[in-house]
1. How much accessible area does ASP101 have with a 1.4 Å probe, in Å² rounded to the nearest 10?
2. Heads up, I need the accessible area for LYS75: 1.4 angstrom probe, whole protein in place, Å², nearest 10.
3. Counting only heavy atoms of the protein chains, get the accessible area per residue of segment 1-100 (1.4 Å probe) and round it to a whole Å² value.
4. Please give the calculated 222 nm ellipticity per residue for the chain, where each DSSP H segment of at least 4 residues contributes -39500 (n - 2.57) and the sum is spread over every residue; nearest 500 deg cm²/dmol?
5. How much accessible surface does SER121 have with a 1.4 Å probe, in Å² rounded to 10?
6. Let a ≥ b ≥ c be the square roots of the eigenvalues of the Cα gyration tensor of the chain; is it rounded (a/c under 1.5), or, if not, prolate (a/b larger than b/c) or oblate?
7. Counting other Cβ atoms within 10 Å, which GluC sites (Glu not before Pro) in segment 15-106 have at most 15 and lie in a DSSP loop?
8. Explain nothing, just the number: dipole magnitude of segment 1-88 about its Cα centre with +1 on each Lys and Arg Cβ and -1 on each Asp and Glu Cβ, in debye rounded to the nearest 20.
Amino acid sequence: QVQLVESGGGLVQPGGSLRLSCAASGFTFSRYTMSWYRQAPGKERELVAFTNTGGSTNYADSVKGRFTISRDNAKNTVYLQMNSLKPEDTAVYYCNADFPDGRLARYGMDYWGKGTLVTVSS
């Protein structure tokens, strides 16, 4: 019954902000690395940011300084605060969970949400 449910997507103007949430259940959230990926139309899925079990964070160069990933282990939720949004940020954003060593992804067994659409347009 593992579930990852994203929310918070929508239509925003360039320069605007949006906060995405991913509610997790069915596994021991605090033991997993949580990541946000995105996939734009006609593009490959790319890693946006991830947060390790200790709360450390990493970002794609394209979003550094604009996006912030965080986690609340008490709520089993990971967030992505997106500021200074650009049209090129338009994509479906997906939440992902894996062990810190990536063992689940290696065998295609990591967890994915269904995604939430972010559209940045004037």
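1. The value for ASP101 is about 80 Å².
2. 130 Å²
3. On the way: 5040 Å² over 100 residues.
Heavy-atom SASA per residue in segment 1-100 reads 50 Å².
4. Details: 1 runs with 4 residues, N = 122.
Only helices count here, giving -500 deg cm²/dmol.
5. Approximately 60 Å² of SER121 is accessible to the 1.4 Å probe.
6. Numbers: a/c = 1.75, a/b = 1.62, b/c = 1.08.
Prolate, since a/c reaches 1.5 and a/b exceeds b/c.
7. On the way: sites: GLU44, GLU46, GLU88; in loops: GLU44.
Taking segment 15-106 and a limit of 15 other Cβ atoms within 10 Å, the loop GluC sites (Glu not before Pro) found are GLU44.
8. 100 debye
The values are calculated or read from the model by the stated rules, or taken from the named source; none is laboratory data. Quick caveat, the model's predicted, so the values are computed rather than measured. Heads up, the Cβs are rebuilt from the backbone with ideal geometry, glycines too, and the neighbour counts pull from every protein chain shown. Please note that ligands, DNA and RNA were not included when accessible areas were found on the heavy atoms of the full protein model with its side chains. Shrake-Rupley method; radii C 1.70, N 1.55, O 1.52, S 1.80 Å.
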